[in-house]
Amino acid sequence: MNNEIFFPENEFIISKTDAKGKITYCNELFINVSGYDTKELIEKPHSILRHQDMPKVIFKKLWDDLQKGHEVFAYVKNKTKHGDYYWVLAFVTPSHGANKQFAEYFSVRRAPNKDTVRNFIEPLYRDLLQQERTGGISASARYLEDLLKQKGLTYEQFIFSF
């Protein structure tokens with residue numbers, strides 16, 4: 001338990017969710033890495049994989065941007081069925097149905113650079129979690145906004161600056 005799981009850098013974890021975030025498709029790598037079988041994943045909220053080390057503000061940013069029709073990149077630490085974890089660099093994009101409503105979300109995740117995660121993302125996420133513990137998600141959001149403003153970067157520029 002609580003061991004880091006790795007997957008090949010040249011392979012991608014792929015999933016689709018409905019507009020409410022319930023999994024409608026997952027590829028074999030998703031199944032293998034997560035430790036769940038297909039029946040345990042389909043129609044479940046994608047948050048079944050949420051690791052307690054993930055700041056809520058990252059998911060808030062992700063969903064806020066998706067609801068605006070924007071594509072999103074984010075580093076995510078996921079929890080496996082057996083309590084282990086794995087890191088991904090996620091690319092999530094919304095798809096629209098015939099009535100121009102959000103019909104589904106498509107996510108492609110790859111293995112992130114280990115040094116980037118250790119040296120930049122983990123310390124940032126620890127800081128964001130500390131802000132959440134003391135001042136809630138709004139404090140964490142302010143911390144992230146201030147950091148981006150200080151660096152003169154958008155969130156996407158920041159993600160790819162490492």
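Every number here is computed from the coordinates shown, using simple stated rules; none is lab data. Predicted model, so just to flag it, every value in this text is computed and none were measured. Neighbour counts run over all protein chains shown; Cβ positions are idealised from the backbone, glycine included.
A few remarks follow.
- Cα-Cα separations in the range 1-108 greater than 17 Å, expressed as whole percent: 52
- Summing Cβ point charges (Lys, Arg +1; Asp, Glu -1) relative to the Cα centre of the range 122-162 gives a dipole of roughly 80 debye.
- Since only 45, 113, 14 are under comparison, the one whose Cα sits farthest along the positive direction of the charge dipole of the chain, derived from C-beta charges on Lys, Arg, Asp and Glu, is 45.
- Taking a point 7 Å from the Cα of residue 31 along the Cα-to-Cβ direction, the residues of the range 56-82 with backbone N closer than 16 Å to it are 81.
- Peptides 145-151, 43-49 ranked from most to least packed, by the mean per-residue count of other Cβ atoms within 10 Å: 43-49, 145-151.
- Here each label is just a point 7 Å from Cα along the line to Cβ, and for residue 67 and residue 134 those points are 2.8 nm apart.
- Computed from point charges on the beta carbon alone (+1 for Lys and Arg, -1 for Asp and Glu), the dipole magnitude for the range 13-159 about its Cα centre is near 160 Debye.
- Qualifying trypsin sites (Lys or Arg not before Pro) for the range 1-102 [loop in DSSP, other Cβ within 10 Å: at most 15]: 20, 68, 81, 100
- When +1 charges are put on Lys and Arg Cβ atoms and -1 charges on Asp and Glu Cβ atoms, the dipole computed for the range 30-88 relative to its Cα centre reaches about 180 debye.
- FRET efficiency, residue 99 to residue 148 (Cβ-Cβ, R0 45 Å, nearest 0.05): 0.85
- Residue 157 paired with residue 118, simple spin-label distance in nm, labels 7 Å along Cα-to-beta-carbon: 2.9
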